[in-house]
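Report on the structure given below.
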Amino acid sequence: MNARCLSLEVFVCAAPLLVIPLSGAPPIHQSPDDGFTYAAFKNPPAEYRGRAMWGFDLSTVTEAEVVSGVQELARKDRFGGLFVTVNGGNGKNLDPVYVRQAAPHLRFFDHGIEYLSPEFFKLYRVAVQQAKENGLSFVLYDDYEYPTGTVGGQLYTKYPQYMAKRLDMVEKDVAGPGKVELAIPGGVYVGAILMNRDTHERVEVSAHKKDSRVECDISKGNWKLMVFYLNRDAVLKIRNPGLVDYLDEDAMNTFLALSYQKFYDHLQDYFGTVINMSFFDEPTLHWLDGRTWTPSFNSNFQKKYGYSPMKYYPALWYDIGPETAAARNALFGFRAQLFADNFVWKIEQWCKAHGIQASGHLDQEEAPNPVPINGDLMKVFEHQDIPGHDDIFFLGRSNRGYKVVTSAAYNYDKPVVMAETYAAYTKLDDRTAFRTAMDQFAMGINLQLPWAGITHYVKNMKELNDYVGRLSYLLQHGRHVADVAVLYPIASLQTCYTFAGGRIADAAKPDTDRSVTELAKAMGPAWEYAYNGGVPPPEIDYMDLGEILYRGLRVDYTYLHPEVFENRCAINKSMLILNNRENREEYRVFILPGGDTVSSAVARKIVEFYRNGGSVISTSKLPFKSAEFGQDREVQQAIGEVFGIPAAALVSGDIKIDRSAGYFVHRNGAGGRAFFLPKAQPELMKTVLGQVIPIRDVAFQEEMWPLENGRAYNGALTYLHKVRKGRDIYFFANSSEKQVDTNIVLRGVKQLSIWNPHTGEREPVMLTHAKTDGVDITTTRLLLPPVSSLFYIQEDQSASGR
């Protein structure tokens with residue numbers, strides 16, 4: 001997200017895409033990991049240093065300003081690359097309603113350069129050529145402004161039929177027997193359902209449409225007639241910023257033809273060399289109050305699953321009885337899949353065919369429930385070369401979301417994860433910039449795309465970019481080491497979200513900034529509710545649990561997507577193995593965070609792990625509903641076996657806790673252990689983890705409590721352990737204002753030295769080797785002044801001179 005606030009619009013054309021596979025040098029970050037050297041760490045190549053998000057106003061910019069601007073980014077500030085964003089310029093060919101109402105802050109004029117015109121590409125080519133001459137890589141920013149999907153109003157102007165649409169519903173309660181009728185407000189008619197308000201019996205009456213009304217007979221009982229339609233007529237009244245229908249293949253083909261393909265047509269000689277990466281910015285489902293939908297939804301759903309989803313639509317607003325969880329998972333899950341396939345994957349396919357890598361970030365990654373915002377924040381990155389995250393407004397705001405995005409990269413074996421950083425920071429200086437960077441990289445980010453305006457606030461940009469370059473160089477590729485896997489509870493998140501929400505209580509709102517606050521006032525309660533991910537029930541604790549583990553107890557972990565847990569994870573005795581080609585992780589503990597729903601496949605896999613001697617920990621609420629229709633009993637039997645709890649107790653939540661211990665534990669003869677913690681509390685989690693991981697991969701003697709979130713966050717002591725080409729890389733970061741002087745214990749016999757990312761220097765370190773309970777350990781001292789970090793690196797014995 002850029003520092004400015006937006007409002008735009010979208011649509012599609014039938015123009016065929018020009019797809020030309022390229023030969024020549026592959027994009028960066030594509031080649032297999034070939035290890036690392038001290039020499040390159042000390043002097044990091046440009047591709048690893050920050051790539052600046054740099055922009056200009058098309059109404060006033062000159063060629064001389066472009067040349068001098070790119071040269072300054074390269075020479076003065078030592079950035080490794082850039083990408084160009086624009087605003088302003090000539091809007092005479094755009095729909096005047098759009099210019100006047102949808103996007104006034106973009107300041108279109110009747111003079112200047114028109115976006116994507118020949119004059120625009122002439123100027124853009126100057127920027128790319130200057131990047132080439134100055135040794136910078138160039139990132140293709142794919143739209144006029146954020147959110148991606150508007151083409152600067154050209155989609156709205158040329159192809160309004162492909163604009164994103166909002167699913168709306170009108171309803172009428174009536175007692176039968178008798179007749180009922182209800183007017184269809186307009187737009188695209190989706191269908192109609194009669195639902196008995198007492199029994200939840202549902203009858204599809206979609207065929208009872210007569211002209212602009214639905215009319216049907218009803219039997220005895222209390223009924224609700226619900227008519228569903230897609231709102232496309234009140235374009236600006238429903239606050240659509242002109243976004244493309246992300247869920248529709250034809251719409252996305254047109255977006256690609258109008259945007260990506262035009263860049264290739266004018267700049268193909270730079271693709272795959274200077275231009276090696278694309279970037280999308282904040283595509284999201286929340287702009288239409290979280291109810292973004294598509295006309296082809298039902299037909300595509302029926303094609304995939306063999307039945308119509310229509311009778312389950314009432315679950316989007318109401319409880320429909322025992323099928324509610326499965327219905328919401330079916331509908332929201334399919335929408336998330338459409339978003340991942342028709343937006344993200346189509347961009348990745350286009351980029352692959354044109355010799356570059358696809359990247360970009362979504363919106364509101366910090367919200368606990370992504371369903372109305374991004375659909376499924378992990379699955380969306382399955383087919384994206386470089387997953388991404390946004391870091392905006394203030395230090396620490398993004399912490400809770402980073403582990404979701406970086407875990408997606410680990411799940412899907414993506415060696416590079418980027419972050420757009422520092423946009424609209426309310427406080428930005430050298431110290432804040434370094435603190436942000438070290439937090440990011442400790443959580444798994446390994447490529448930074450900073451807002452170029454940072455140069456006005458940070459005095460030591462060269463030092464910062466060299467620091468970021470050293471972190472990127474060492475932390476890209478390799479495998480992540482973590483003892484703990486945490487299930488990403490997307491099934492429970494889909495179950496608990498409805499379209500019926502209203503204004504969020506002030507206490508439930510995350511910290512944002514003035515621009516978002518003002519936007520929320522203008523957009524209304526439904527938009528605000530969706531933007532913040534609704535109000536999840538209290539048992540949805542996976543992000544709180546993540547903070548307790550990572551920043552509190554300093555136990556690193558990886559979120560596992562349910563499909564990855566089911567299909568990519570192997571069980572080897574008491575170990576759970578993420579069986580990827582490069583990022584192969586081995587977990588000693590599986591944590592099932594609070595929530596009431598899992599798929600039957602996940603439940604079976606948990607049973608298998610437990611039966612083989614695996615350790616399972618669950619918090620807050622055990623699942624008893626299935627994400628699939630008709631499988632609740634199977635879930636209850638599986639979870640009941642693991643935790644030794646009858647199905648009735650699972651459903652009621654009446655689980656007998658050992659009062660002296662504060663938790664419940666169940667064991668089997670194979671050594672399997674299952675713990676239930678009524679709440680994710682640090683001391684309880686510490687006690688239980690001490691039983692299942694008595695010797696951690698990395699253990700700290702020092703603790704730093706309490707945890708602070710939001711604007712109160714003031715840094716933390718964190719770490720990341722990766723292995724590249726058999727060599728251990730430990731990254732220790734102290735972003736707090738306190739000095740850290742503590743011993744750390746590493747599992748295994750380690751031969752390490754210190755590499756300092758701030759200076760590029762290296763030095764020896766004192767190590768002590770011993771055994772604890774028959775396990776080799778290495779102990780060393782960690783001394784970190786405030787806002788500093790160090791690498792502890794296993795030296796390459798075969799290349800001691802490098």
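Relative contact order of the chain, taken over Cα pairs closer than 8 Å and 6 or more residues apart, is 12 percent.
Beta bridges assigned by DSSP with both partners in the stretch 696-796 are antiparallel in approximately 100 percent of cases.
Around the amide H of residue 109, modelled in the peptide plane, lie the amide H atoms of 89, 90, 91, all under 5 Å away and 5 or more residues distant in sequence or on another chain. Here the stretch 107-202 is treated with +1 on each Lys and Arg Cβ and -1 on each Asp and Glu Cβ, and its dipole about the Cα centre works out to around 140 debye. Check cross-link reach from residue 122 to the aspartates and glutamates: straight Cα distance under 13 Å, and skip same-chain residues fewer than eight apart. Residue 122 reaches 63, 114, 265. Taking each of 179/224; 722/750; 172/311; 573/722 in turn, the alpha-carbon distance tops 20 angstrom for 573/722. Treating each Cα of the chain as an identical point scatterer and ignoring solvent, apply the Debye formula and state log10 I(q)/I(0) at q = 0.06, 0.09, 0.10 Å⁻¹. Relative scattering, expressed as log10 I(q)/I(0), comes to -0.38, -0.87, -1.07. Taking a ≥ b ≥ c as the square roots of the Cα gyration tensor eigenvalues, the stretch 707-754 comes out prolate, since a/c reaches at least 1.5 and a/b is larger than b/c.
When all alpha-carbon pairs of the stretch 205-335 are counted, what percent fall beyond 18 Å? Tail fraction, whole percent: 69.
For the pair residue 122 and residue 109, the difference between a 0.36 nm per residue extended length and the Cα-Cα distance amounts to 2.7 nm. Only aspartates and glutamates eight or more places from residue 459 in sequence, or on another chain, were considered; those with a Cα closer than 18 Å are 72, 77, 429, 430.
The modelled label-to-label distance between residue 781 and residue 183, using points 7 Å beyond Cα along the C-beta direction, is 8.1 nm. For the stretch 509-657, a crude dipole built from +1 on the beta carbon of Lys and Arg and -1 on the beta carbon of Asp and Glu, taken about the Cα centre, is about 360 debye to the nearest 20.
Look at where the Cα atoms of the stretch 774-790 and of the stretch 86-157 average out, and the two centres are 49 Å apart. If the segment from residue 762 to residue 796 were pulled out straight at 0.36 nm per residue, it would be longer than the present Cα-Cα gap by 10.9 nm.
Bridge orientation summary for the stretch 525-640: considering DSSP beta bridges with both residues in this region, about 55 percent are antiparallel. Based on alpha-carbon atoms, the Kirkwood radius and the radius of gyration of the stretch 90-202 give Rg/Rh equal to 1.27. The stretch between residue 222 and residue 749, if pulled fully straight at 0.36 nm per residue, gains 182.6 nm over its current Cα-Cα span.
Between amide H atoms placed 1.01 Å from N, distances below 5 Å from residue 191 occur with 228, all of them 5 or more places distant or on a separate chain. For the residue pairs 414/686; 621/738; 403/686, the C-alpha atoms sit more than 27 angstrom apart in 414/686; 621/738. In this structure the amide hydrogen of residue 486, modeled in the peptide plane, comes within under 5 Å of the amide hydrogens of 558, 559, 560, 591, none closer than 5 places in sequence on its chain. By the helix-only formula, in which each DSSP H run with n ≥ 4 contributes -39500 (n - 2.57) and the sum is divided by residues, the chain has a 222 nm mean residue ellipticity of -7500 deg cm²/dmol.
For the residue pairs 656/679; 158/262; 76/725; 158/209, the alpha carbons lie more than 24 Å apart in 76/725; 158/209.
In this label model, residue 575 and residue 302 are separated by 5.0 nm, measuring between points 7 Å along each Cα→Cβ vector. Taking every alpha-carbon pair under 8 Å whose residues sit at least 6 apart, the stretch 73-166 reaches a relative contact order of 36 percent. When the P(r) is computed for the stretch 631-681, the part past 15 Å accounts for 49% of the Cα-Cα pairs. Taking a Cβ cut-off of under 11 Å around residue 632, the surrounding Lys, Arg, Asp and Glu residues balance to a net charge of -2, with basic ones at +1 and acidic ones at -1. The DSSP beta bridges internal to the chain are antiparallel in roughly 65% of cases. Here the dipole of the stretch 270-381 is about 540 debye; that uses its Cα centre as origin and unit charges on the Cβ of Lys and Arg (positive) and Asp and Glu (negative). Any idea what the relative contact order of the stretch 39-96 is, in percent, if you count C-alpha pairs under 8 Å spaced at least 6 apart? Once divided by the residue count of the stretch 39-96, the mean separation gives 50 percent.
Laboratory data are not the source of any read-out in this text; all were calculated from the coordinates shown. Quick caveat: nothing in here was measured; it's all calculated off a predicted structure. For neighbour counting, all protein chains shown are included, and Cβ atoms are generated from backbone atoms with ideal geometry for every residue, glycine included.
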